[in-house]
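Right, one structure below, let's go through it.
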Amino acid sequence: MPPPKIPKKWKWAGKLLMDVTNGKTTAPRTDHVCDIVLTDLYPASVEGLRINVAMASVESVRLLSFHDLIDMSDFLKTCVRLGPDEPLLQLARLGPSTDKDAQPLKTLARYMTKKNLVSLVPVNLGNELVGHLLLFPPVMEILTKTLFRVPGDLLSTASSLIAVLLPWHSFPEETRRPFGLLPSRAEAPIPSLADWKKNMLKAKYQLALRVLKFPVALHQWMSKPNRPYCVWVPPLEERKATSITVVTRDHETEFLMTVLKECGAKRVGFTAESRVVFVHVGALKSIRKMPALVERRRQAPGVHFYTYGTHETMHPEYWGITEIYPLGGVVTFTPSALYEDPWGVIHKMKTINKHPLWTCYILPSVLGMATKLCSSNEDPLPAFDRGIFVFDLLLKAIDDGEVSVLRAPPLERNATDEADPTRDWLRKHWINRPLGPRNVLEACIDAFSNKYSNIPPEQWASVVEAEITEDLDLMQRQPDIMKSYRRYVVVKAEKDDHIPVDRDGFEWLTSSKLSFEDKVV
């Protein structure tokens, strides 16, 4: 049943302003973008703050900043509530006041769509902040269809934005309790003698719990029967050193053993079956040397991985016990796989892109080498310009965002005023990234030539495969990647029989052998 027609009675008119700055040292200025109107309230009334009330004393809408939609997801989940038939928040259309205002507003909407941006405008009643007006283009389906259920009448024009009022206060239905439900009396529990001995007389155990920040849920799970585990620590030669860092790691591992012994869990070797693998954060750089790592991540989804401890190479946010490698995976490709079956590889990329738990990317030098293999000694750019280039569909998939061309971000945290690896990576892959298929192709060819121009063609495959290994190793140690993806796969050509399936701790599979091991796609 379609949503009801929107009553078109209320209307607010004013100016749309935007803060603009040209650099860090330049004070921001406020530009007048155009004149706007807010109309088409939906629902006509809501319980709580309403747009017509909030905008009654407002003369202009001022855009202070933009926010990436991805960064806003957690915030929006906490303040958006949906009723059974219509949203509990009020929506409106932000449109141009006159025909001459339509083009500036349309340009702004296109910019926000292209950059995937939204804007939050503070809303005040008197001197009190009561909420924000969320502004976004009508083509953002994750907002229009999933979060806010925007009716079709508000989505009919490209020269407009959707406005949603997000109140700061809680919704009335969240503050009501059924009659008779009162909080229970808070009384301090009196520990039994057994609990006293267990919890208060075991000082090392109690210290270990606090130093490691051992999660209660994991402690309870490890205390159940049949919970064998293994521990991956830094290499022996590194642990023989006498630095404070190494001593700290050994203490943290000893604390872990203390807690797990109290849980009754049994430590086993890496060749035996285990339910949990604990990895010290300082040993992540050698994790691909772990025996049976590929088999555990691919064939044993019931095996859980956790990091523990502290290390100077990891941000303190990721210290302590954190689950890693939960599910899904990251896929990259060899030049021979692209050269052997470009259309089959593109189909596989599109399948991966549709999967909610998997993602894929290509190294620039990989696409550059594959282009060299296909073009022999000829310049591939004229073929691209004539529309007969073999990787046309791949470049279109890259331009459409179905696959990324990038290198893994750096993990170093030793930024200085003169050198900042993370800033340089962001500048290269975001600010100064090549735009359009032709520029991407040219950048990939240059990336390969700059790195391997002095290497004989018969050695290209081996050196690029080594680069893939190094980059995927860096990728699997990225904190946000570790917390999201389990398997790390390199798609190779059918003829690449010389590459073992578990080479360097990663899965090296042909496109036909790559399986997601689930029912999602």
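Per-residue answers, yes or no, for (1) at pLDDT 90 or above; (2) more than 22 Å from M55 (Cα to Cα); (3) not in a strand (DSSP E or B):
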position	(1), (2), (3)
L76	no, no, yes
D85	no, yes, yes
L94	yes, no, no
A102	yes, no, yes
T107	yes, yes, yes
V121	yes, no, no
L135	yes, no, no
L143	no, yes, yes
V150	no, no, yes
Could you say whether any residue in segment 228-245 is farther than 21 Å from P326 by Cα, modelled with pLDDT of 90 or more and out of contact with any Lys or Arg (no Cβ under 9 Å at 6 or more places or on another chain)? no
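Yes/no per residue for (1) crowded, with 20+ Cβ neighbours inside 10 Å; (2) hydrophobic (A, V, I, L, M, F, W, C); (3) part of a helix (DSSP H, G or I):
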| residue | (1), (2), (3) |
| --- | --- |
| S274 | yes, no, no |
| F278 | yes, yes, no |
| S286 | no, no, yes |
| P291 | no, no, no |
| R297 | yes, no, yes |
| T307 | yes, no, no |
| E317 | no, no, yes |
| G320 | no, no, no |
| E323 | no, no, no |
All but one of (1) of a type outside the set (K, R); (2) in contact (Cβ under 8 Å) with a residue 60 or more places away in the chain; (3) outside any helix (DSSP H, G or I); (4) surrounded by 17 or more Cβ atoms within 10 Å (Cβ to Cβ) hold for L154; which doesn't? (3)
Of the residues L147, L133, which single one is within 26 Å of the chain's Cα centre (by Cα), touching a residue at least 60 places away in the same chain (Cβ under 8 Å) and closer than 17 Å to L94 by Cα? L133
When both residues are 6+ apart or on different chains and their Cβ atoms are under 7 Å apart, which pairs have a first residue that lies in segment 296-313 and is closer than 14 Å to V277 by Cβ and not assigned by TED's automatic domain parsing to the domain that holds K483, and a second that is polar (S, T, N, Q) and modelled with pLDDT of 85 or more? V303/S274; Y306/T322; T307/T322
How many of the residues in segment 355-392 are under 24 Å from N116 (Cα atoms) and either outside any loop (DSSP other than H, G, I, E, B) or outside the structural domain of A447 (by TED's automatic domain parsing) (or both)? 5
Subset of segment 329-357 (residues that are under 22 Å from K483 (Cβ atoms) and of a type in the set (A, V, I, L, M, F, W, C)): V330, V331, I352, L357
Every residue in segment 268-312 that is touching a helix residue (DSSP H, G or I) at 6+ places or on another chain (Cβ under 7 Å), at pLDDT 90 or above and charged (D, E, K, R), please. R288, K289
If we scan segment 155-165, do we find a residue that is at pLDDT below 80 and not assigned by TED's automatic domain parsing to the domain that holds L63? no
Taking V331 as the residue in question, decide whether it is in contact (Cβ under 8 Å) with a residue 60 or more places away in the chain and touching a Cys at 6+ places or on another chain (Cβ under 7 Å). yes
Can you find even one residue in segment 476-499 that is among the β-branched types (V, I, T), assigned to a loop (DSSP other than H, G, I, E, B) and either within 30 Å of G302 (Cα to Cα) or within 22 Å of the chain's Cα centre (by Cα) (or both)? yes
Within segment 281-323, work out how many residues are touching a strand residue (DSSP E or B) at 6+ places or on another chain (Cβ under 6 Å) and farther than 22 Å from I468 by Cα. 10
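The values are calculated or read from the model by the stated rules, or taken from the named source; none is laboratory data. This structure is a prediction, so every number in the text was calculated from the model and none was measured. Note that we place each Cβ from the backbone using ideal geometry, even for glycine, and neighbour counts take in every protein chain shown.
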